[in-house]
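What follows is one structure encoded as structure tokens, with my remarks underneath.
Just so it is clear, none of the values below were taken in a lab; they were calculated from the coordinates. Because the structure is a prediction, the values reported are computed rather than measured. When we count neighbours, we look across all protein chains shown, and the Cβ atoms used for this are built from the backbone with ideal geometry, even at glycine.
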């Protein structure tokens, strides 16, 4: 599998530099040599510990990410241009957005002021509204999946565990995907994902932007899940006029989250 700058994928996309690495994949900045434009390419690299069937599941999940994102045209959602198979592995070719993740922005500059967080939050809400109108659930809204551009625009990315209407689930019974600090409590209980689950994750992400930490951040994975399932979130201290929105989106009843979402003029379908 290609790992070096200069490598050409599918006789078209030249890898230039690594933009980021995660547990299951690497995102590259690249050049579409046919059109002469800069792109981002997502490459999958499953852990060696996975069985063959699990690797096949990850590859299918990645192809589904491309299908999900290709259905959306919205300035707050990264656009998919292409999906190609190279050496039996799928690569997703996406819009290149020169930006830093919200996670990095807050770690470097500290928590956002409420006015700035409100602008960013509305942009993410509008992006979520757009994907929900297409019948798509993101399922992994978190600070590292929100990009902040140089002009301050927020863009939602990484639909790697997205689900959409008409698709078969790729998550096995008793297994959940997502980041526990930003996971809705019903997902941790093994229930089906919904629009309300995305809204919870958005609320936790907005909380992070304002407070500099997740509402259920703990010292370990298990401690985070235990707090999520048994305790109320820490009340936000810096949210100001956004307090009602943040607390509304972190309610345990999904209907209450959707009602909060609608109160801001969006559909929460």
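Relative to the first principal axis of the alpha-carbon coordinates of the chain, what is the inclination of helix 114-133, with its axis defined by its Cα atoms, in degrees from 0 to 90 and to the nearest 10?
60 degrees
So how far apart, in nm, are the two label points at residue 243 and residue 14 if each is 7 Å from Cα heading toward Cβ?
Here the modelled spin labels are 5.6 nm apart.
Using a 7 Å offset from the Cα along the Cα-to-Cβ direction at both residue 55 and residue 108, what is the distance between the two label points in nm, to one decimal?
Reported label-point gap for residue 55 and residue 108 is 3.6 nm.
Rounded to whole Å, give me the distance from the Cα center of segment 60-103 to that of segment 213-269.
Each part's Cα centre sits 28 Å from the other's.
Percentage of Cα-Cα pair distances in segment 66-151 greater than 14 Å, rounded to whole percent?
70 percent
How big, in percent, is the set of alpha carbon pairs in the chain lying more than 23 Å apart?
In whole percent, the share of Cα-Cα pairs in the chain beyond 23 Å is 52.
Starting with the highest mean, order 39-45, 92-98 by the number of other Cβ atoms within 10 Å, averaged over the residues of each peptide.
In decreasing order of mean packing, 39-45, 92-98 become 39-45, 92-98.
Applying a 10 Å radius around every beta-carbon, put 137-144, 82-89, 25-32, 248-255 in order of their mean neighbour count, most first.
Output ranking for 137-144, 82-89, 25-32, 248-255: 137-144, 25-32, 248-255, 82-89.
Taking each pair of distinct Cα atoms in segment 7-95 once, what is the resulting Kirkwood hydrodynamic radius in Å?
13.5 Å
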